Amino acid sequence: MSARRFRLSALLFSAALMAAACGPKTPAAGNSATTAGTPTASGLDSASAAQLSAEKDSLLQQVLTNTRVMSEISAELAKVKSKKGPVPQVAQEGVPTAADSVLQKVKELTARVNESESRLAASQRRLAAMTTSNDSLKTEIASLQAALGQFNTIISDQRSTIESLNSQISSLQQANQTLTSQNLALTDTVSTLVVEKHRVWYVIGTKDSLKAKGLITDEGSKFLFFGGKVSVPARNLDPSQFKEADRRDLLTITFPDSTQSYRIVSRQDLSALLQPPGKDGKLKGGIGIADPGKFWAPSPYLIIVQD
């Protein structure tokens, strides 16, 4: 881009000097008119040349403005792409990104360059149609043709610059889309991890039904009146035999039979209940969980056995 800027600056400087040198000239008195109130062909040519010279000055201002705008756009793109600049924002509905804002400016610039090119073509057609035998006007027309030729080069270069800007914007938009996709994927991953973290399973049933499902087993031994067996969770638990829930939502569990006593045989932290069981470990009616994190920390599987 720096080489292109240098070339533009050189061309514009040359065009500016030419504009100063090619201002409207006053034709010789002998060529102004044949008689009072009746302009000669040279007089008509002179008026047309003066009008074209004014149009040339207007075109010069327009291409200068186009160059300034392109310089501003390049600076904005440099800020967006700079590692020291702000990180490109993920596109949100109704909220334009930095690249979108620059793209709008480039579209407006393209329209101005199209207008400049159209005006330049019209000026060149008018100039080509002019003929004169006046040496002074011939020099003037030649100068105008040279100036318009310079403008044509400048506008062509501006089109190349616009193509480069559009390419940079496309790259930024692609980077923004990639970032958006990555953020969405990351959000999905985090959401999945959060859901997995809070997934728990619970089951309530009689001792025999839970044994039949392979969810509990008896450990220990009994001989005559000595020793005893205790129900504990099986080593390998099948989640399909449980009800799945989110521990953030599962704050109360109601027992199927309010007249019966129940016992938690899994490894939950019972101190996290609103009303922990008594010394006999029995519960009635249901349970309320005061601290889900603490309650489910030892195991995500809750097994409640009806006594």
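Criterion first (touching a strand residue (DSSP E or B) at 6+ places or on another chain (Cβ under 6 Å) and surrounded by 16 or more Cβ atoms within 10 Å (Cβ to Cβ)) does L283 satisfy it?
yes
Only one residue in S101, S116, S156, S133 is modelled with pLDDT under 80 and crowded, with 19+ Cβ neighbours inside 10 Å, so which one is that?
Among S101, S116, S156, S133, only S116 is modelled with pLDDT under 80 and crowded, with 19+ Cβ neighbours inside 10 Å.
Residues checked against (1) in a helix (DSSP H, G or I); (2) within 18 Å of the chain's Cα centre (by Cα); (3) among the hydroxyl-bearing types (S, T, Y); (4) more than 23 Å from S101 (Cα to Cα):
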| residue | (1), (2), (3), (4) |
| --- | --- |
| N152 | yes, no, no, yes |
| N166 | yes, yes, no, no |
| N183 | yes, yes, no, no |
| T189 | yes, no, yes, yes |
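I need a count of the residues in region 236-265 that are under 23 Å from K279 (Cα atoms) and not in a loop (DSSP other than H, G, I, E, B).
7
Take region 163-173 and flag every residue that is surrounded by fewer than 19 Cβ atoms within 10 Å (Cβ to Cβ) and not charged (D, E, K, R). First the steps, then the outcome.
Narrowing region 163-173 to residues surrounded by fewer than 19 Cβ atoms within 10 Å (Cβ to Cβ): 163-164, 166-167, 170-171, 173.
Residues satisfying the conditions are S164, N166, S167, S170, S171, Q173.
Find all pairs meeting these conditions: Cβ atoms under 6 angstrom apart; at least six residues apart or on different chains; first residue within region 202-218 and closer than 14 Å to R235 by Cβ; second residue of a type in the set (K, R).
As it stands, the answer is D218/K229, since those pairs meet every condition given.
So A290 passes all but one of these: (1) hydrophobic (A, V, I, L, M, F, W, C); (2) within 26 Å of E196 (Cβ to Cβ); (3) surrounded by fewer than 13 Cβ atoms within 10 Å (Cβ to Cβ). Which condition number does it fail?
Checking A290 against (1) hydrophobic (A, V, I, L, M, F, W, C); (2) within 26 Å of E196 (Cβ to Cβ); (3) surrounded by fewer than 13 Cβ atoms within 10 Å (Cβ to Cβ), the one that fails is (3).
Would it be correct to say that L250 is at pLDDT below 95, crowded, with 17+ Cβ neighbours inside 10 Å and of a type outside the set (V, I, T)?
Yes, satisfied.
With respect to L193, determine if the residue is in a strand (DSSP E or B) and either without any contact (Cβ under 8 Å) to a residue 40 or more places away in the chain or in contact with a Pro (Cβ under 6 Å, 6 or more places away or on another chain) (or both).
No; evaluated as a whole, the condition is false for this residue.
The values are calculated or read from the model by the stated rules, or taken from the named source; none is laboratory data. The structure presented is a predicted model; accordingly, all values stated were derived computationally and were not measured. FYI the Cβ positions are ideal-geometry reconstructions off the backbone, even for glycines, and counts take in every protein chain you see.
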